[in-house]
Amino acid sequence: MSRTFALPDLGEGLVEAEIRNVLVREGDLVKEDSPLLEVETDKAQVEIPSPFSGRVEKIHVQPGQTVKVGQPLVSFGDAGDAAAPAATAPGASTSAPAAAPVRAVPQAPRTGGGPVAATPATRRLAREIGVEIQSVRGTGPGGRVTDDDVRGASGKPTGERPAAPAAAPVGPAKPLAVVGLEPPPLPKFEQWGPVERQPLSHLRRTIAERMALSASLIPHVTHFDRADITDLNAMVTRSFEAAKQHGIVLTLTSFLLKAAALALKEHPQFNASLDPGAGELVLKHYCHLGIAVATERGLIVPVIRDVDRKPVLDVARELAALAQRVRDGKATLDDLRGGSFTVTNIGALGGTGAIPIINYPEVAILGVARGREEPVVRNGQIVPRTILPLTLTFDHRVADGADGARFAQAIIRRLEAPEALFAEW
Amino acid sequence: MVMGDLVTEVDVAVLGGGPGGYSAAFRCAELGLETVVVEAAKRLGGACLYEGCIPSKAFLHVAAVLGEAERAKEYGIDFGEARISLDPLRKWKAERVVGKLSRGLASVAKAKGVAVIGGRGTFEDSRSIRVGGDEPQVVRFKHAIVATGSVPVQLPGLAVAGDRIMDSTAALEVPDIPERLLVIGGGYIGLELGQVYAALGSRVTLVEMTDGLLPGVDRDLVQPLARRSEKLFAAIHLGSRVAGLREAGGAVEAAIEGQKPETFDRVLVAVGRRAVSESLGLEATRVKLSDRGLVIVDERCRTTDPHIYAVGDVTGEPMLAHRAMRQGKVAAECIAGRPSAFDNMAVPAVVFTDPEIAWCGLMEAQAQQAGRTVKVAKFTWAASGRAATIGRSDGVTKLVVDEASGRVLGVGIAGPGAGELIAEAALAIETAVTAEDLAVTIHAHPTLSEGLMEAAESLLHRSS
């Protein structure tokens, strides 16, 4: 009695994942819950544990391959010790094993090589709308790919891939116009010299699609300001050792997050998403902050939940652990989703400022460059102060310049009076 | 191009007027492209209409009628000895069959506004074809479609002169009914024409190089044909070659390996066909040929030259008119910017012998080669009511399905009408039907079409 384990529903509208690593070999005996594969989704690299105990009969995937939800990953043979779960084997007690797969796997996806199970008209539709039909999972009898399957598959690569499934149920209000440009064909670069083509990694492709979506859909406006963080810096330095005793690495970023969260409470339109289909603004009564982390594989944005309600020391502790998980590729899906506002700190790499792109479908993103000691004129005196350049990029459909300026000031006010950050929770 | 050349400017120039060429041209015209066909014979139809499919089927019909009359003796009806008059027979073929279809094609071309330029065309470059003959001119095109087809292969090593050695084209003229005919080649052409001549009264000896008739075809399908051929033919030599042919005194002496020298009145050489890709000026374009001389195309029928497409036999196996016709339409649609592709899974093949043999998709042996896990059902017509009523219980229907999904992958049929029956199978494969779909679809009773339903049903019952 063979059982096949397919890529499970990953939630959050995720429909595919890239296999990074296969951790077992055919013939291996594995225990339930021991690691089988490492996969990378749009959001995270995750380890998939085995749902069964048994012998690995066949591995259907290899590293680098992109698999859809429902596509078989690993088939298990009988392991003497593991009783077959009754639910998966309607034909288990009969003497005709050949029958079981037909009945048990009515939606068997294509198993390599063979022709696509689709009518000629469906195949034409796939060519017409640019869908690679070989990669579409068929929902019809015998894994047949229907027109709807093809249309369903076409939505994904072309854009609408919201981070949260806040996907638009069309309301009574007027939908906004759809934005989107076809990229024109590229010139033949070979005429000017040799070139090389590299396929994009799954993560790179996701970033590319998401950034293009955000940049083309959202009218970005960017507000610049500066915060005097001399006192904050001093406080961080003073408290650093004490915090370390408690296992906490105190960083400026934790204070930034906290300051942003508190400012968002005063300016809720920046802690929101615009629903153009419904013509509504979705205000979020939670404050989950994304923090951009540069990894070897590319940009990943893990999320710290309820920053507005957590003491800054807790935020610092969580941030350190989260960043580590992300860099190790061990982040869970929950670590990476549900953000309502994003902070990106490019200070570590220098620069005097950068204009970030909004993490769609959020409304705003705060970027900070490196804080530097500068000569500042105060009461007619030139004094050395540590100045932090801030850039706030926000969606002009949702907020105007004056709103942005006020929101930035609300952040700066807190950074310049750091005691308050400890006081307010 | 030389000054003073007559130049015709078109959207699409089709080189070759066979089924692939005219299908492409008609579709181009339908899609609003100005199209001409360059064809040496200045008529549409090609080998299929004038020296292949159509005339051979006309004669096979005659053979079937003679065969049925012969069989009728079994149930008490004797028509007596058949008297065959060759002149009326040839005239019927030439005028009522070929001529009628030829005129039909010409009128379709006229109605669609497709001009046929008579003359041999050769490419001058990737944008023009020079046409010789009575209407010399240069055709400048935006796109060209190469549809030059194939011709019978000459027997290697047997350079013989004389009209007693015929290829299939000559044999279809039926110059006479030879008393003793040697057929070299046990493929579909040799078998079809061998049966025609046998029915007309020739003593036919057939020599095939491999160890079975119809090499490459499923053995279960070949078996009923082999049995029938053994009755019809004087001798069948398998695993044998003809080492030499010598014309002597109004006859041909043949040295068949392992046999005593034997004398025949005529010899038919039917050892295959080869693509016509030489002397077309393709070297002046960017079209690439395979090492076997076939034009290399992708699934949109595009060659390696961006202005030139190719369809049909010149692109390789299977060299069948209906494949060429579909490719022709694909090429036309791609040129017109439509999302077309030759992605067909089932190209039915039919051998119009008695009994007919037809198959499409993946047969058992190919499925095994491809490493697929399949289930195979065989329905013998001994259990068919309809087969019994026509006295033909020797047929068989074979069904190959994917074990996991139950999807129909291949079908083979041997028996009268197999060529018609295979259409259902092609539809089933092309539209990804499962064995269950076939089993529960009502097939009229009593008909031979029930065989496919029965085969599918036996698979379902086996698995429950």
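The values are calculated or read from the model by the stated rules, or taken from the named source; none is laboratory data. All values derive from a computational prediction rather than experimental measurement. All Cβ positions, glycine included, derive from the backbone under ideal geometry; neighbour counts span all protein chains shown.
A compact table of results
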| item | result |
| --- | --- |
| Where A:Ser273 falls short, out of the listed (1) without any contact (Cβ under 8 Å) to a residue 40 or more places away in the chain; (2) over 26 Å from A:Gly329 (Cβ atoms); (3) touching a Pro at 6+ places or on another chain (Cβ under 9 Å) | (1) |
| Residues (among the hydroxyl-bearing types (Ser, Thr, Tyr) and crowded, with 19+ Cβ neighbours inside 10 Å) located in the range B:298-322 | B:Thr303, B:Tyr309, B:Thr315 |
| Residue in the range A:286-343 that is farthest from A:Leu274 (Cα to Cα), counting only those that are in contact (Cβ under 8 Å) with a residue 24 or more places away in the chain and among the polar types (S, T, N, Q) | A:Thr295 |
| Enumeration of residues in the range A:282-330 that are β-branched (Val, Ile, Thr) and at positive phi | none |
| Residues satisfying the stated conditions in the range A:232-246, i.e. surrounded by fewer than 17 Cβ atoms within 10 Å (Cβ to Cβ) and either in contact with a strand residue (DSSP E or B) (Cβ under 9 Å, 6 or more places away or on another chain) or on the phi > 0 side of the Ramachandran plot (or both) | A:Ala234 |
| Test set (1) facing chain A (nearest Cβ under 9 Å); (2) surrounded by fewer than 22 Cβ atoms within 10 Å (Cβ to Cβ); (3) not in a helix (DSSP H, G or I) - B:Ser405 fails condition number | (2) |
| Odd one out for A:Phe52 among (1) over 28 Å from B:Leu459 (Cβ atoms); (2) aromatic (Phe, Trp, Tyr); (3) modelled with pLDDT of 80 or more | (3) |
| Residue tally, condition within 14 Å of chain A (Cβ to nearest Cβ) and either crowded, with 18+ Cβ neighbours inside 10 Å or part of a strand (DSSP E or B) (or both), over the range B:366-402 | 9 |
| Options A:Val221, A:Val249: the member that is in a loop (DSSP other than H, G, I, E, B), surrounded by fewer than 20 Cβ atoms within 10 Å (Cβ to Cβ) and touching a residue at least 60 places away in the same chain (Cβ under 8 Å) | A:Val249 |
| Among (1) in a loop (DSSP other than H, G, I, E, B); (2) under 18 Å from A:Ala260 (Cβ atoms), the one test that A:Gly329 misses | (2) |
| Total residues in the range B:174-219, condition assigned to a loop (DSSP other than H, G, I, E, B), crowded, with 20+ Cβ neighbours inside 10 Å, over 21 Å from the mean Cα position of the chain (by Cα) and not hydroxyl-bearing (Ser, Thr, Tyr) | 1 |
| Filter pass, A:Leu250 being touching a Phe, Trp or Tyr at 6+ places or on another chain (Cβ under 6 Å) and modelled with pLDDT under 95 | yes |
| Unmet criterion (only one of (1) under 25 Å from the mean Cα position of the chain (by Cα); (2) basic (Lys, Arg); (3) not in a strand (DSSP E or B)) for B:Arg274 | (3) |
| Top-ranked residue in the range B:413-460 [being within 14 Å of another protein chain (Cβ to nearest Cβ), part of a helix (DSSP H, G or I) and β-branched (Val, Ile, Thr); ranked as nearest to B:Asn344 (Cα to Cα)] | B:Ile429 |
| Qualifying residue in the range A:373-395 (condition: among the acidic types (Asp, Glu), at pLDDT 90 or above and either touching a Gly at 6+ places or on another chain (Cβ under 7 Å) or not in a strand (DSSP E or B) (or both)) | no |
| Failed criterion for A:Ile218 (all others in (1) at pLDDT below 90; (2) in contact with an Asp or Glu (Cβ under 7 Å, 6 or more places away or on another chain) hold) | (1) |
| Among the residues listed as A:Glu196, A:Glu241, the single one being free of Cβ contacts under 8 Å to residues at least 12 places away in the same chain and in a loop (DSSP other than H, G, I, E, B) | A:Glu196 |
| Residue count, the range B:256-278 (criterion: buried (at least 20 other Cβ atoms within 10 Å of the Cβ), of a type in the set (Lys, Arg) and farther than 21 Å from B:Ala198 by Cα) | 1 |
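The rows are residues; the columns are (1) of a type in the set (Val, Ile, Thr); (2) farther than 20 Å from A:Pro361 by Cβ; (3) surrounded by fewer than 19 Cβ atoms within 10 Å (Cβ to Cβ).
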residue: A:His285; (1), (2), (3): no, no, yes
residue: A:Ala292; (1), (2), (3): no, no, yes
residue: A:Thr295; (1), (2), (3): yes, yes, yes
residue: A:Pro302; (1), (2), (3): no, no, no
residue: A:Arg309; (1), (2), (3): no, yes, yes
residue: A:Asp314; (1), (2), (3): no, yes, yes
residue: A:Ala321; (1), (2), (3): no, yes, yes
residue: A:Arg327; (1), (2), (3): no, yes, yes
residue: A:Ala331; (1), (2), (3): no, yes, no
